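Worksheet: the structure to be examined is printed underneath.
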Amino acid sequence: MKKLFEEAKQRLPGGVNSPVRAFKAVSGTPVFIKKASGAYLYDSEGKKYIDYVGSWGPMILGHAHPKIIKAISETAKCGLSFGAPTEIETKMANKICDLMPSIKKIRMVNSGTEAAMSAIRLARGYTKRDTIVKFEGCYHGHADSLLVKAGSGALTLGIPTSPGVPKDFAKHTVTLTYNDIAQLEETFKNIGNKIAAVIIEPMAGNMSLVPGGKKFLKVLKNLCDKNDSILIFDEVMTGFRVALGGAQSIFDITPDLTILGKIIGGGMPVGAFGGKEDIMNYIAPDGPVYQAGTLSGNPVAMCAGLETLNLISTDNFFESLEFKTKKLVEGIVEKANKIGVPLTTNHAGGMFGLFFTTEKNIDSFEKVMGCNKTHYNIFFHCMLEKGIYLAPSSFEAGFISASHSQLDIESTIAAAKDAFKKIKNGS
Ligand code: KE4
């Protein structure tokens, strides 16, 4: 693997096409993956891993699902991309709008970043205001306005506000504390009529998993409505992951706009933004806010996403996924408690967070930052050694798929027990 990594570094900055893959937070050499199937990854030396990253969320059905591969190959035989409208784009739009009723109209793009960037521009154009509000620890992709005190890879690499973002851009971005109601109310009291939009992960997955408080999100929704600010739910990670209707269906809160990604591409590059019709009609070609993309709505990507959404819209899909997640985290916590390693978890639907801390309720960025990163890193490498592939950063969430078996969960818990012994022995 070292040789592959050195070779990659010759032409790819850091040897990767996305920073978090470089293992910088956990040290060591990244695993090069050769293929994947179901719940398993196979590295370039043939070693098998139970996968809890799932390409950072998209692989909710497991890797190389036969029905998705079939749909992609059949669609690809008819051509890869036309740059013209196709029926499957309408089918995909209808499917997402059916599953997420807050979305009355939707525009497909090629990544979560593009979705976030476009939604922010739309909100600014629609409200004729410049200020946007985000929350420390949340990550909405790497568009300039949003790389201010960001989570995910930015947090992992310790550059939450990136160089290259002009101060003139950053000054329009107000960053608040996640789950802090008082600060939110104070901010809206002072600048509410200047706020174009608030963008938030209703369940943050980029400081690992920290759910938004129901009261906090309700207050946010009311403040946005009162001040004619646009509420944007970033459900790139939680959309069709924590529930079929996303986090908004769990909280029963209707955002003005929602951004999506990951699962709606089924592993292919897809993002989307959508919401209230009068706001979405402000997007070109009907409206004045420009947005475009050569491969947006690409038919091959659409068929992968549509097939994925069809397959997860089956009875009990999320009950079964949630049951597996619960079994996993409860089993891991039980082992940690027995061995005396402080560990707390959060979980929702098919995603979970592991926090090496004595804190019992991880509901803030501050508490996440207080966790023991050394313990996580020992845990990560011990699990990797045992064929369990977790996120190479304590600031990332874990993901379970429909392919993970009871045996996979049990093997993972058994491996965790050995990892906790290593931590306890201070190795
Ligand atoms: P992409 O541009 O990476 O498709 O989506 C950006 C994005 C937007 N919003 C949320 C809530 C996200 O989690 C993401 C991307 N997530 C990271 C993992 N935490 C992607 C992994 C990576 O950067 O390589």
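The values are calculated or read from the model by the stated rules, or taken from the named source; none is laboratory data. Since the structure is predicted, the reported quantities are computational estimates derived from the model, not experimental observations. Positions of Cβ are backbone-derived with ideal geometry, glycine not excepted, and every protein chain shown enters the neighbour counts. For the accessible areas, the whole protein counts, side chains as well, though only heavy atoms, and no ligand, DNA or RNA atoms are used. Shrake-Rupley method; radii C 1.70, N 1.55, O 1.52, S 1.80 Å.
Looking across Gln183, Gln248, one residue alone is within 19 Å of Lys95 (Cβ to Cβ) and open to solvent by 10 Å² or more (accessible area, probe 1.4 Å). It is Gln248. For region 343-352, the condition of being more than 16 Å from the ligand (Cβ to nearest atom) and either more than 24 Å from Ile60 (Cβ to Cβ) or open to solvent by less than 10 Å² (accessible area, probe 1.4 Å) (or both) holds for at least one residue. Could you list, in sequence order, all residues of region 1-27 that are more than 16 Å from the ligand (Cβ to nearest atom) and either polar (S, T, N, Q) or open to solvent by 50 Å² or more (accessible area, probe 1.4 Å) (or both)? Within region 1-27, Lys2, Lys3, Leu4, Glu6, Glu7, Lys9, Gln10, Arg11, Ser27 qualify. The residue pairs whose first member lies in region 410-427 and is over 15 Å from Phe380 (Cβ atoms) and open to solvent by 60 Å² or more (accessible area, probe 1.4 Å), whose second member is not in a helix (DSSP H, G or I) and not acidic (Asp, Glu), and whose beta carbons are closer than 8 Å, counting only pairs six or more residues apart or on different chains, are Lys424/Gly340; Lys424/Val341.
On inspection, Ala71 passes the criterion of being more than 16 Å from the ligand (Cβ to nearest atom), at pLDDT 95 or above, assigned to a helix (DSSP H, G or I) and not assigned by TED's automatic domain parsing to the domain that holds Pro392. I need the full set of residues from region 113-143 which are of a type in the set (Phe, Trp, Tyr) and either open to solvent by 10 Å² or more (accessible area, probe 1.4 Å) or farther than 15 Å from Ile200 by Cα (or both), in order please. Scanning region 113-143 gives Tyr126, Tyr139. I'm trying to understand the selection: among the residues of region 144-180, which are of a type in the set (A, V, I, L, M) and crowded, with 20+ Cβ neighbours inside 10 Å? Those that are of a type in the set (A, V, I, L, M) and crowded, with 20+ Cβ neighbours inside 10 Å: Leu146, Leu147, Val148, Ala150, Ala154, Leu155.
Filtering Glu396, Glu359, Glu366, Glu385 for residues that are open to solvent by 10 Å² or more (accessible area, probe 1.4 Å), within 16 Å of the ligand (Cβ to nearest atom) and outside the structural domain of Ile181 (by TED's automatic domain parsing) leaves a single hit, Glu396. Just wondering, is there one or more residues in region 198-217 that are surrounded by fewer than 18 Cβ atoms within 10 Å (Cβ to Cβ), within 19 Å of the chain's Cα centre (by Cα) and on the phi < 0 side of the Ramachandran plot? The answer is yes, given that some residue of region 198-217 is surrounded by fewer than 18 Cβ atoms within 10 Å (Cβ to Cβ), within 19 Å of the chain's Cα centre (by Cα) and on the phi < 0 side of the Ramachandran plot.
For region 76-117, name all the residues that are assigned to a helix (DSSP H, G or I) and basic (Lys, Arg). Matches in region 76-117: Lys91, Lys95. Within region 309-316, not a single residue is in contact with a strand residue (DSSP E or B) (Cβ under 6 Å, 6 or more places away or on another chain) and either among the small types (Gly, Ala, Ser) or surrounded by fewer than 23 Cβ atoms within 10 Å (Cβ to Cβ) (or both).
Filtering Gly293, Gly274, Gly267 for residues that are in contact (Cβ under 8 Å) with a residue 24 or more places away in the chain and open to solvent by less than 10 Å² (accessible area, probe 1.4 Å) leaves a single hit, Gly274.
For (1) over 15 Å from the mean Cα position of the chain (by Cα); (2) within 15 Å of the ligand (Cβ to nearest atom), each residue gets a yes or a no:
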{"position": "Asp234", "(1), (2)": "no, yes"}
{"position": "Thr238", "(1), (2)": "no, yes"}
{"position": "Gln248", "(1), (2)": "no, yes"}
{"position": "Ile263", "(1), (2)": "no, yes"}
{"position": "Glu277", "(1), (2)": "yes, no"}
{"position": "Asp286", "(1), (2)": "yes, no"}
{"position": "Leu295", "(1), (2)": "yes, yes"}
{"position": "Pro299", "(1), (2)": "yes, no"}
{"position": "Met302", "(1), (2)": "yes, no"}
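If you check Met237 against the conditions, is it open to solvent by 10 Å² or more (accessible area, probe 1.4 Å), within 18 Å of Ala150 (Cα to Cα), assigned to a loop (DSSP other than H, G, I, E, B) and assigned by TED's automatic domain parsing to the domain that holds Asn110? Answer is yes for this residue.
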